[in-house]
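None of the figures in this text is laboratory data; all of them are computed from the coordinates on show. Because the structure is predicted, anything quoted here is derived from the model rather than measured. All Cβ positions, glycine included, derive from the backbone under ideal geometry; neighbour counts span all protein chains shown.
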């Protein structure tokens, strides 16, 4: 097992030693002995620099008038820079809904909605109705705005509307504009928040979670994370393995792909979903009229894209060129929802009225940026994390051009979207810490839709390999980004409830429908 970083800032001889200096890190056996000696109310040794953060007194009050009275909020102070814990501190906004039964209470269940950049303060109120009564009895539901987000030292780069879009199609004619936009995002972020950006990382958010744990007086935390939140949870298990209790990861990404590989990997999944859509639609040609074979459906779609490239298709007042149509690539996982949209586009291109039952509405895909009240904040934090801890970003714009052309050829639907130039090419500083290599045996339960447009099944399998002690439940035929967080009943619900209430994982990975 890797050495725990639970004591990565122990003070020896008046010097704070950082992770990577072996004299400052306890062996697994020594860490166990120290943890056993700690009181439940501190969970930091008396001489540790973080000990004061674990003893802070929390003042709870109602979060907001438009939230349930049972949702309480407080602020937990954490170091801005964990390498200098006695320096500047920031406040992390934390919320709580208390467990339903004092007698059955096990502890706290921290939650993260995804992102990076998604605000999580209201998540306990949103998730409470979706969790089984037995879970609600046993856990205080804990939400928080991660550092840089919402009410936790927010980062805002004042981005223009087109700068708030995370992926753009590649075109030789617009590549210069793409480069200028990426550079502009990086310049704006560093001008607005250069003092915060180096510290907005997943590892630091995981450290914040551990300070929250200590401030709440808990020896361990349980956790429910969605999308990016699965990576955050996995990073916590890597840094603090002995403080992780029951971890549920909903729609997981592959830690080995952080971060450019995550963006490019989503476009690989889009091609698989598109192929499935052509097969599904061909079997229903009598209903949709897009072709009686998958090849015919595919040809009809690309004819539509080519037509829109020549003359944008106006549908209910909105123009769609070929790139705008391709930009809906995530929607193809939802075959019944996306097909009426394509049918309506085809009719509009022909100058005809849309057939009955068709729709101009693009199927909604769950994304933190689309749901958050402050899109600029979400996107700003997203780039802070993606650029601030990923070392796989090329610095040469021409490398992005070559990759976009190559990926578009291999994956015509959206390959260029994931590979095009990004602000990380112009980020002002290299990451202070590498992205965390997740490789441990901590218990966790991964739940995953077979057809997920953002963290596809292959990524969840990567998370499963990284967490050797985990089990994975795959919903065969499941569509969309999110299992538990959507509120739709699934065949994984019983597994989640059993694990959170009893600690029992499935005996082996399983697929259900």
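Numerical summary
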read-out	value
Ordering of 430-440, 464-474 by burial proxy (mean other Cβ atoms within 10 Å per residue, highest first)	464-474, 430-440
R0 of 25 Å, Cβ-Cβ distance residue 195-residue 374: FRET efficiency to nearest 0.05	0.80
Net lengthening on full extension, residue 101/residue 81 (0.36 nm per residue, minus Cα-Cα)	3.4 nm
Compactness relative to 2.2 N^0.38 Å, alpha carbon Rg of the stretch 88-204	1.44
Simple spin-label estimate for residue 350 and residue 158 in nanometres, 7 Å along Cα-Cβ	5.1 nm
Between helix 202-215 and the chain: long-axis angle, C-alpha atoms, 0 to 90°, nearest 10	40 degrees
Calculated FRET efficiency for the pair residue 476/residue 508, C-beta based, R₀ 22 Å, to 0.05	0.90
Principal-axis tilt of helix 294-310 within the chain, Cα atoms, nearest 10 degrees	90 degrees
Global form of the stretch 130-170, assessed from the alpha-carbon gyration tensor, a/c cut-off 1.5	oblate
Residue 293 paired with residue 306, simple spin-label distance in nm, labels 7 Å along Cα-to-beta-carbon	1.7 nm
Chain lengthening between residue 272 and residue 187 when straightened (0.36 nm per residue, less Cα-Cα)	26.9 nm
Two-site label geometry, residue 128 and residue 88: point separation in nm, points 7 Å out along Cα→Cβ	3.6 nm
The stretch 45-153: proportion of alpha-carbon pairs further apart than 16 angstrom, %	63 percent
Hull-based mean projected area of the chain, where the convex hull spans the alpha carbons, in square nanometres	24.6 nm²
Relative contact order %, the stretch 47-206, counting alpha carbon pairs below 8 Å whose residues are six or more apart	18 percent
Fraction of beta bridges assigned by DSSP in the chain that are antiparallel (%, nearest 5)	40 percent
Euclidean distance of C-alpha centroids, the stretch 66-95 and the stretch 199-234, integer Å	12 Å
Relative counts (whole %) of C-alpha pair distances in the stretch 360-513, using bins that are 5 Å wide	2, 8, 12, 14, 17, 18, 14, 10, 5, 1, 0
Computed [θ] at 222 nm, deg cm²/dmol, the chain (DSSP H ≥ 4; -39,500 (n - 2.57); rounded to nearest 500)	-11000 deg cm²/dmol
Projected area, mean over directions - the stretch 265-331, Cα convex hull, nm²	4.8 nm²
Relative contact order (%) - criterion: Cα under 8 Å, at least six apart; region: the chain	16 percent
Alpha-carbon Debye profile of the stretch 220-327, log10 I(q)/I(0) at 0.24 Å⁻¹	-1.19
On Cα atoms only, tilt of 335-349 relative to the major axis of the chain in degrees	40 degrees
Calculated P(r) of the stretch 398-453 - Cα pairs past 12 Å, %	77 percent
Rounded if a/c under 1.5, otherwise prolate or oblate - the stretch 435-504, Cα gyration tensor axes	oblate
Sequence-separation-based contact order of the stretch 256-312, relative, with Cα cut under 8 Å and 6+ spacing, percent	20 percent
